[in-house]
Amino acid sequence: MAPRVLVVDRTQSTRDVIAELLGEAARDVVWATRDGASLALRSAISAGQAFDVIVLDGEPQPTPALVRELSAASGGARIVLVASGVEGIALAAKVGAADVVARPFSAAELAFRIGRGADDSARGDRDGKRHRPRKSDVIIGSGSWIKELYDRIAMVAATDATVAIFGESGTGKELVARTIHNSSPRHDAPFVVVNCAAIPETLLEDELFGHVRGAFTDATRDREGLLAAAHSGTLFLDEIGELPLPLQAKLLRVLQSQEFRRIGDDVDRRVDVRIITATNRDLDQLVARGSFRQDLFYRINVFPMHLPPLRERPDDIALLVHHFVQKYRARLGKHVDGVTPAALARLAAYEFPGNIRELENKIHQAMVIAAGPAIDEDDLALPQASQVATLRVDVTRPFRELKQETIDAFERGYLTELLRAHRGNLAQAARAAGMDRKNLWALAVRHGLDRARFKKP
Ligand SMILES: Nc1ncnc2c1ncn2[C@@H]1O[C@H](COP(=O)(O)OP(=O)(O)O)[C@@H](O)[C@H]1O
Ligand SMILES: [Mg+2]
């Protein structure tokens, strides 16, 4: 059911904008000042019309006490702070707000933030079925890119259209697919993930489509495939570019007629699934090469979404870092609050070939290592760009000499970063590098690297 929203702001205009944008997505949107908010919340409870979400203006900065008071007076409504940027996220964490939304509001983003809040506050509700679960992680980003993404998610979530998500590894394809599922009418049914690249072709057919008893030697009983498991829900086919041609034909049939056949079966089965695919490959190229069916490509490419690599949105790094620091802080029980300016500068300068996944791992690792209240440059296992990229071709010099110099520079740079990342722990470093420990040590000595230098004081 659509949530009741209380907007706490100095003037009524924010309430009007939010009411307009939310439309049917909210049952009521009511305005109160900070002074009047507690009374409004309590009388709503007495009237049996408790508020689910409180949208609280971040100006002037609310105190944790105010947030606690509103939360208590509302019987535990989730509080969404109106604020922007890193400061906004940090402020929300500091005062205990559940989420942040930035001005100017976008209808789709607002509906997500509000919807999530409503769901969380309803968790204790026995009749949970009435509420739409929104279990997705937050999709962090800034600027028009993220608003457009939310708009497109909202647009397509309402339909059963097949979605194709394109982007490099670690750009959030699965996160977006999950968010689409969780905000679609299918949210109560399963979201099933199949990674087409991770399973050998022979097993993949069995995994996806299942088999009947006796279909092959080991088939001692019937097996429902993952397609059947996703019935009435969503099937997420990751790395669709790796799907073998025979299975592409079977998948095409599912998309055309919702029909498939288990291995060894002689009847067709019907299934109702929404299909979302993802790939980091250029499907056009695969089609041109003949390893991907053109008709399947058209079928899956109904609603394409492209996720940009992290290096194309460096402004988001600070936001993401804060997000991951908050995420792992609680999990690790550490009192790390953020990153030092030097560490942030290093992160901003790095290319992140593994995109957000790599950034998340780096922050996680750094939080484990960090001894101070903020992640420092030394806690981050980042390659020193200047040391590794030393290849300068000078054709006036002998080939052999230049080659040796380049190799030396690479080895020195690599070992320095490796030992720094593992705090001088030789065994660990050797394992990570896939090198023999003795060879690693010999090489380090040859380059004059003293491992004591890398140990944390
Ligand atoms: N915009 C984002 N905001 C917050 N977390 C993100 C974002 N994009 C990706 N992540 C996180 O990064 C990790 C990798 O994302 P994932 O969706 O698995 O990427 P892909 O499927 O493209 O390889 C996950 O932990 C995911 O939650
Ligand atoms: Mg993935």
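Residues that are within 16 Å of ligand 1 (Cβ to nearest atom), in contact (Cβ under 8 Å) with a residue 40 or more places away in the chain and not in a helix (DSSP H, G or I) do not occur anywhere in region 204-224.
Assess whether Ser43 counts as being farther than 19 Å from Ala97 by Cα, of a type outside the set (Asp, Glu) and outside any strand (DSSP E or B). It is true that Ser43 is farther than 19 Å from Ala97 by Cα, of a type outside the set (Asp, Glu) and outside any strand (DSSP E or B). Restricting to region 255-281, what's the tally of residues that are more than 16 Å from ligand 2 (Cβ to nearest atom), in contact (Cβ under 8 Å) with a residue 24 or more places away in the chain and charged (D, E, K, R)? Number satisfying all stated conditions: 6.
Evaluated against (1) without any contact (Cβ under 8 Å) to a residue 40 or more places away in the chain; (2) among the aliphatic types (A, V, I, L, M); (3) out of contact with any helix residue (DSSP H, G or I) (no Cβ under 6 Å at 6 or more places or on another chain), Val80 falls short on exactly one condition, (3). A single member of Leu204, Leu227, Leu208 is at pLDDT 90 or above and more than 13 Å from Arg261 (Cβ to Cβ), and it is Leu204. Checked against the criterion of being under 30 Å from Thr171 (Cβ atoms), outside the structural domain of Leu175 (by TED's automatic domain parsing) and of a type in the set (Ser, Thr, Tyr), region 344-354 has at least one qualifying residue.
The number of residues in region 255-267 being surrounded by 12 or more Cβ atoms within 10 Å (Cβ to Cβ) and farther than 21 Å from Pro200 by Cβ comes to 4.
Regarding Leu319, is this residue surrounded by 17 or more Cβ atoms within 10 Å (Cβ to Cβ) and more than 15 Å from the chain's Cα centre (by Cα)? The answer is no for Leu319. Within region 268-284, the set of residues being more than 16 Å from ligand 1 (Cβ to nearest atom), open to solvent by 80 Å² or more (accessible area, probe 1.4 Å) and outside any strand (DSSP E or B) comprises Asp284 only. Residues that are open to solvent by less than 30 Å² (accessible area, probe 1.4 Å), within 13 Å of ligand 1 (Cβ to nearest atom) and either under 12 Å from Asp238 (Cβ atoms) or of a type in the set (Val, Ile, Thr) (or both) within region 167-193 comprise Gly167, Thr171, Lys173, Val176, Ala177, Thr179, Ile180, listed in sequence order. Among the residues of region 137-165, those that are of a type in the set (A, V, I, L, M, F, W, C), under 16 Å from the mean Cα position of the chain (by Cα) and assigned to a helix (DSSP H, G or I) comprise Trp145, Ile146, Leu149, Ile153.
The values are calculated or read from the model by the stated rules, or taken from the named source; none is laboratory data. Just so it is clear, the structure is predicted and the values come from calculations on it, not from any experiment. Here the Cβ is made from the backbone with ideal geometry for all residues, glycine too, and neighbour counts use every protein chain on show. Keep in mind that these areas ignore ligands, DNA and RNA; they rest on the heavy atoms of the full protein, side chains included. Shrake-Rupley method; radii C 1.70, N 1.55, O 1.52, S 1.80 Å.
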